[in-house]
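Worksheet for the structure shown next.
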Amino acid sequence: MDEEAAPVVKRIFQGVIEGKTIARIAEELTAERILTPAAHWRAIGERVSMGAAGADPYKWATATLIQILKKEEYMGWTVLNKTATESYKSKKREATPQENRLIFKDTHPAIIDEETWNVVQRLRETKRVRERIGGEPNPLTGVLYCADCGQKMYHKQGSTGRPDQPHHEYVCSSYRHYSRSCTCHYIRVSVVESLVLEAIRRVSGYVRENEAEFIERVREKSSLQQEAAVKESRKKLSKAKRRREEISGLIKKLYETYATGKIPENHFSELLTGYDTEQKTLDGEIERLQAEIDRYNTDSVRADKFIELVKRHTEFTEFSASLLNEFVEKIIVHEATKVNGVREQEVEIYLNFIGKFDLPEQEEQPEETPVRKSRKKRRHEMTEEQRAVLRERDKVRYARKVAARKAAEEAQRAAILKGTAYEIRPQEAGAAHAAI
C-alpha cells in the first residue's frame, strides 16, 4: 500500500459520499496543492509520460478523479484483462466488458472497503444537477422514488423572496415530465431530512440496546420475505441449467449432422447462431439466479455490517449527505391523502444492509424512577469491555427465549397433529406454557 497516496484516495471517496461534486473535489485538492498521481509517481522515482512530466503537479483534472473512483484495485483486488486488442495485427487496445475481466479478491491490503466502493458507484450513476442557489446538488436526488410508478423523484427549487432561503421539494418525475401520467407525490426536503434522521436515530438506538434481538429479527424478516422468492429462483436455476445442457448436446449433434452433409451450410450457420445466443443468455441468467440464492444465506453478515456502521457513529444530531449515503439505500414516497382535513403521507425508508426494518412495538413505560435513572447512567458510562460482557449476556438470554418459543411452537404443531387444543402463553416471563 502506498502510505502517502492512501489518505488522498480515501478523501476522494469520502468526498463523493459527503455529496460533493467531482469538480468540487478537484478544486479542493488543487487549492491545497496536493500532488496529482503523475506528480506523485515522478516524486517517488517512477517513470511517467512526457506530457504528464510537464504538467502542473498540483492541477487536478476531473478525468483523473473519475478514473480513481473506478479502480477496483483500491478494494484489495487484482483485475486482469482490462484491455485487449481486436486482433494481433492491431496495436490499439480497447476496454474489455466487465464480465470478461479476471478478478482476484484480497490479493493486497485494501484502501477502500467494498461497501464504500459500492455506495460511491451508486452515487456516480445518478445524475445530479447543481442548484441555482448554493451550487451543490441535493443529496436526496437519486434516493427518493415514487411509490406508484417507480420513477425517481424530481427536485424543484423555488424562491421564497429571500435569496439565502430558497424552498426545496420533490415531485414524481413522471408527473413533472410526462404529461401527468402519475400524480404529484409532493414532499418537502425538510420533511424527508427529519424523517431520515429520526429513522436512523431510532434504529441505531435499538441496535445498541438490543444487539442479539436485532440480529434475530433481521434473520426472521429475511426468511419471511425471501423464502418464497428463493424457492422460485432455485426452480428457474434448475430449469436454466437443464436447458443449457440440452443446447450443448444439440450443438454437438448439429456439427455431426453438418459434417455428414445432411444439412446445408446456411441452415447450419443460422441454427448455430441461435443456439449460441440462447446459451449466452442462459449463462447470464444462471449467474444472476445463483447470486440471488447465495445472498439468501448472508443475513448474519448483513446484520453485523449494519451494527459495525452504527458503532462508527457516536451520535446522530443533524442530517448530512454523508449520513444519508452511509445509512440509506432508498426512500419510497406515497401520494398524500387527507383524513379529517389533515394531510397524511406514507414514507418508507430502506436502510443499507437491512432494508425496511420495523422496530418492535414498545410498551408504554412508566416514568423513570431515580433507581432506573441511576442504572441507565451507569450503563451509559460503561467501558467497551463491560458493554461487550453485557451484550454476551443479552445474547444468551435472548437465545434461551427464542429456543423456548420455538419449542412451544413445535409442541403446538405436534398437538394440532394429534387433534389436541394447545394454548400458548408467551407473555409469562418470556417462556412458553401449554395448557390442554
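Taken together, the values in this text are just the output of simple stated rules run on the coordinates, not laboratory data. Given the structure is predicted, the values throughout are model-derived calculations rather than measurements. Using ideal geometry, Cβ is built from the backbone for each residue, glycine included, and neighbour counts are taken over all protein chains shown.
Structure values in brief
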| item | result |
| --- | --- |
| Among the listed pairs Lys10/Lys71; Lys82/Lys105; Lys235/Lys305; Lys71/Lys92, those beyond 24 Å (Cα-Cα) | Lys235/Lys305 |
| In nm, spacing of pseudo-spin labels at Ala95 and Arg234 (7 Å Cα→C-beta vector) | 3.9 |
| Rough spin-label spacing in nm, given labels placed 7 Å along Cα→Cβ, for Ala63 and Thr260 | 5.9 |
| Shape call, region 6-125: gyration tensor on alpha carbons, a/c limit 1.5 | oblate |
| Computed label-point distance, nm, for sites Glu292 and Ser269 using a 7 Å Cα→Cβ extension | 3.7 |
| Amide hydrogen neighbours beyond the local backbone of Tyr154, cut-off 5 Å, H modeled | Val171, Cys172, Ser173 |
| Total formal charge among the other residues, if their Cβ is under 14 angstrom from that of Lys253, Lys/Arg +1 and Asp/Glu -1 | -1 |
| Sorted by Cβ density within 10 Å, fewest first, the residues Arg47, Arg219 | Arg47, Arg219 |
| 5 angstrom amide H check on Leu351, placed H, neighbours 5+ away | Glu329, Lys356, Phe357 |
| Ordering of 327-339, 304-316 by burial proxy (mean other Cβ atoms within 10 Å per residue, highest first) | 327-339, 304-316 |
